[in-house]
1. Examine the stretch 218-231 for a residue that is over 18 Å from residue 4 (Cα atoms), within 16 Å of the ligand (Cβ to nearest atom) and touching a strand residue (DSSP E or B) at 6+ places or on another chain (Cβ under 7 Å), and state whether such a residue exists.
2. Would it be correct to say that residue 23 is more than 29 Å from residue 149 (Cβ to Cβ) and either touching a residue at least 12 places away in the same chain (Cβ under 8 Å) or more than 20 Å from the chain's Cα centre (by Cα) (or both)?
3. Hey, does the stretch 61-71 have a residue that's crowded, with 16+ Cβ neighbours inside 10 Å and assigned to a loop (DSSP other than H, G, I, E, B)?
4. Out of the residues in the stretch 233-251 meeting the condition of being touching a residue at least 40 places away in the same chain (Cβ under 8 Å) and part of a loop (DSSP other than H, G, I, E, B), tell me which one is farthest from the ligand (Cβ to nearest atom).
5. Of all residues in the stretch 252-285, which are part of a loop (DSSP other than H, G, I, E, B), in contact with a strand residue (DSSP E or B) (Cβ under 9 Å, 6 or more places away or on another chain) and away from the ligand (no atom under 16 Å from the Cβ)?
6. Anything in the stretch 179-201 that is more than 9 Å from the ligand (Cβ to nearest atom) and in contact with a helix residue (DSSP H, G or I) (Cβ under 7 Å, 6 or more places away or on another chain)? List them, or say none.
7. Suppose the filter is outside the structural domain of residue 165 (by TED's automatic domain parsing), surrounded by 14 or more Cβ atoms within 10 Å (Cβ to Cβ) and not in a loop (DSSP other than H, G, I, E, B); does residue 98 pass it?
8. Checking residue 169 against (1) farther than 20 Å from residue 224 by Cα; (2) more than 13 Å from the ligand (Cβ to nearest atom), which test does it fail?
Ligand code: NDP
């Protein structure tokens, strides 16, 4: 292997350690940071995500309160709970785990969450602030990607950054953050012509397609930094990313593994947003 392995577990542990110090300071100021986690239904993947988020809060010293609602919960019932959590001064962050059952309109729920408590950074107000460069929450997975690149010693400024995928959760916000870091950004998608050629010009590639082998060795410039956001299953049922890791690692300068790359960062950044929320709502610096 020639590429540096970017260790998301290690970097996320560092961020959580820093967060624990910050949480202790907030507590000293008389505020107990608190995240409300809402899960509707019994989707097993969502249950795992929610439990991991609650565990991470515990480790860092953030109080978490959880609401596990029946899969048949109506939109009105969920909106009522969100309104109650919005009004609760002891709750600083609200996380409603997506996806929601089909009788509930996700967009309505996102809009109902007080933007000041929107630690997922999904509310249009926070998305707008991200685009105008204002202060506030950072979208968790994209912000985690920036931390991975920087903390493993790579520069973004002036680099050609190619993002594959244009979703609201990953592709678009990561483009915005890379641009804010002074990268030169190209966003690709399923209609992009000559994807391989575009990628070969990249110093940094971020792949978020959810498709196995989107990025193969012939698409990567020697020494490029390759960030794999994908979480897929290969033919053998094994968890894998979008990148042909075995071959790309021989060419890239640095690469994230799946699992153990971007995945752990998302929760670490959520924790950071909870602390931002607690401070913002209590006028703490
Ligand atoms: P979406 O399905 O919403 O978006 C996928 C994007 O990839 C679309 O813009 C699509 O283009 C593009 N795309 C699909 N196939 C190709 C292709 N062959 N060539 C070029 N572009 C392509 O996915 P998400 O952004 O929500 O997630 C992407 C992946 O990241 C998934 O595997 C998901 O599980 C994972 N993920 C991981 C997270 C983590 O914490 N590690 C967090 C969030 C997501 P078009 O717009 O034209 O359809």
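The values are calculated or read from the model by the stated rules, or taken from the named source; none is laboratory data. Bear in mind that the values here come from a model prediction, so they are computed numbers and not experimental data. In this analysis, Cβ positions are derived from the backbone assuming ideal geometry, glycine residues included, and neighbour counts consider all displayed protein chains.
1. yes
2. no
3. Among the residues of the stretch 61-71, at least one is crowded, with 16+ Cβ neighbours inside 10 Å and assigned to a loop (DSSP other than H, G, I, E, B), which makes the answer yes.
4. So the residue we want is 250.
5. 252, 253
6. 181, 185, 186, 196, 199, 200
7. It is false that residue 98 is outside the structural domain of residue 165 (by TED's automatic domain parsing), surrounded by 14 or more Cβ atoms within 10 Å (Cβ to Cβ) and not in a loop (DSSP other than H, G, I, E, B).
8. (2) is the only condition that residue 169 fails.
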